[in-house]
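Single-structure report; data block below.
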Amino acid sequence: MNPIPLLLIILYCLLPGWEKTSLAADWPWWKGPTYDSKSPDRHPLPTWPADGPPLVKQTQELGTGYSNLCIFGDKIYTLGDFGDKSYLLILDRDTLKVLHKTEIGPGGSVGGFAGPKSTPTTDGVYIWAVNQNGILFCADAKAGRMIWKRNYYKDFDGAMSILKNGMYWGYAESPLLDGDRLICVPGGKSGSVVALEKTTGKLIWRSKELTDPASYASVTPVTIAGVRQYLVLTHNLVSGIGIDKGELLWSGDCSGTPLAICTDPVCVDDYVFVTRAKLGGWGYKVVRHGDRFKAELVYQLKEIDNTHHGLICVGYHVYTTSSKGAFCCFDMKTGKILWRNRAIRNMASLGYASGNLILRNERTGELTQVVADAKEYKEVGRFRPSERSDQRAWTWPIVVDGLLYVRDQQLLLVYDLQKVSKRQNQ
């Protein structure tokens, strides 16, 4: 197993300036504290009744957009459009009352889908995010006061991926906080990836060897062959980038003209899997010879063409949905599909907690709980939220401290999973 999640947890707890309560109580950035979409909760996940777990709180004040939640201490952070502007929102975690609403800059629809798509990142002192128009910002995490801004287009000569039929949806990545650095992907000929000083936005390095346009995926810190690096998906390539100077360590080709390049690649030990809508997936093994790395293609999986709904790895078993309408599990080392099931019917975004997967149907918003079992599909409850927007349900479900959070545009629904468990044990 990859040792990096444990290392990250230790670093997470030791970093200075972090006003922490407990690890299980926070979700400080995109895909959670260990960057794998897995909740750190250890509460057993109960079977859901037909009407779902109890809805304990909700708000309709989040504005337009697909941004997920950043949850830290007594606050929740997200982004949303109001009118033609995008905003950083700071909510009280207990009441969901909006405490601060700070203008980021011009918002609006890009490619037909309005609103920001980036999830904020925080260390408890500062907060960072980027809106759909490439405005990267740093704000005070307590009151939302803007500290600095950068523009991906003007400041970094950024370039986004242009997809099938000329489609383009604006920036969607969630910045990666790594110690005192912020890692971002504006894309472009001057270098796809940049490392910035987190408190000033000053450029530290740029990946001059990787000059691909940016995709809609986010950077993930990984360790491959004993070397910590950044896993990056751009328009044509999946790559490993050195953390100190931004040097290109290796790349794997995944080029083509896809419908979307949004799903973050995943890494387990030295194996990397990447998927692109309508094109399928590629499984690489990254090997090291001295100081050199090489990505060796092990298999291609045309059946696995996830759009932006996520990949969950449990050991070498990968769970995901595809545009073919099936939820499936496959072996990351070999590409062998272990099972597939059409009970979900459409693509669904994924969450994970206590050994179970939570799927959110992109068309209906229905939530389904499935045991993460590599042998067979085991469903343990499903329900439809009582309220829905008229947009696709693309924001991923997350579980933090026994609560299930579901954002649907301006609407945020919070369900208490532990009340289900207590009721079942009575």
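What a 1.4 Å probe finds exposed on the chain is 50% carbon and sulfur by accessible area, rounded to a whole percent. Stokes-Einstein, applied to the Kirkwood radius of the chain over Cα pairs at a viscosity of 0.890 mPa s and 25 °C, places its translational diffusion at 115 µm² s⁻¹.
Could you tell me the relative contact order of region 29-176? Use alpha-carbon pairs under 8 Å, at least six residues apart, and round to a whole percent. Intermediate values should be presented prior to the final figure.
Working: 316 pairs, mean separation 27.5, N = 148.
Contact order relative to length: 19 percent.
How big is D, in µm² s⁻¹, for region 354-426 by Stokes-Einstein at 25 °C and 0.890 mPa s if Rh is the Kirkwood radius over C-alpha pairs? It comes out at roughly 185 µm²/s. Each Cα pair under 8 Å and six or more residues apart adds its sequence gap; the mean of these over the residue count of the chain is a relative contact order of 14 percent. The dipole here belongs to region 191-239: it is taken about the Cα centre, uses +1 on the Cβ of Lys and Arg and -1 on the Cβ of Asp and Glu, and is about 160 debye.
Between the amide H of residue 158 and those of 153, distances stay under 5 Å, these residues lying 5 or more places away or on another chain, with hydrogens modeled in the peptide plane. If every alpha-carbon in region 46-205 counts as one equal scatterer, what log10 I(q)/I(0) does Debye give at q = 0.14, 0.15, 0.20 1/Å? Treating every Cα as an identical point scatterer, log10 I(q)/I(0) equals -0.71, -0.79, -1.25. Over every Cα atom in region 67-158, the radius of gyration and the widest Cα-Cα span, Dmax, amount to 12.6, 41 Å.
Summing charges over neighbours of residue 173, with a neighbour being any other residue whose Cβ is under 11 Å away from its Cβ, gives 0 when K and R count +1 and D and E count -1. The lysines within cross-link reach of residue 101, meaning a Cα-to-Cα straight distance under 26 Å and a gap of 8 or more places when in the same chain, are 20, 31, 57, 75, 85, 117, 142, 149, 154, 198, 202.
For the chain, give the magnitude of the charge dipole about the Cα centre (Cβ charges: +1 Lys/Arg, -1 Asp/Glu; no others), in debye to the nearest 20.
Values: 50 positive and 43 negative charges, 111 e Å.
Dipole size: approximately 540 debye.
Think of each Lys and Arg Cβ as +1 and each Asp and Glu Cβ as -1; about the Cα centre, that makes the dipole of region 79-154 roughly 160 debye. Mean separation of Cα pairs under 8 Å and 6 or more residues apart, divided by the residue count, gives region 114-254 a relative contact order of 16 percent.
Compactness of region 225-375 is given as radius of gyration and Dmax, 15.5, 51 Å, from Cα positions.
The values are calculated or read from the model by the stated rules, or taken from the named source; none is laboratory data. Everything quoted here is computed from the prediction, not taken from an experiment. Every residue, glycine among them, receives a Cβ derived from its backbone with ideal geometry; neighbour counts consider all protein chains shown. Just the protein is used for accessible areas: all its heavy atoms, side chains included, with ligands, DNA and RNA removed. Shrake-Rupley method; radii C 1.70, N 1.55, O 1.52, S 1.80 Å.
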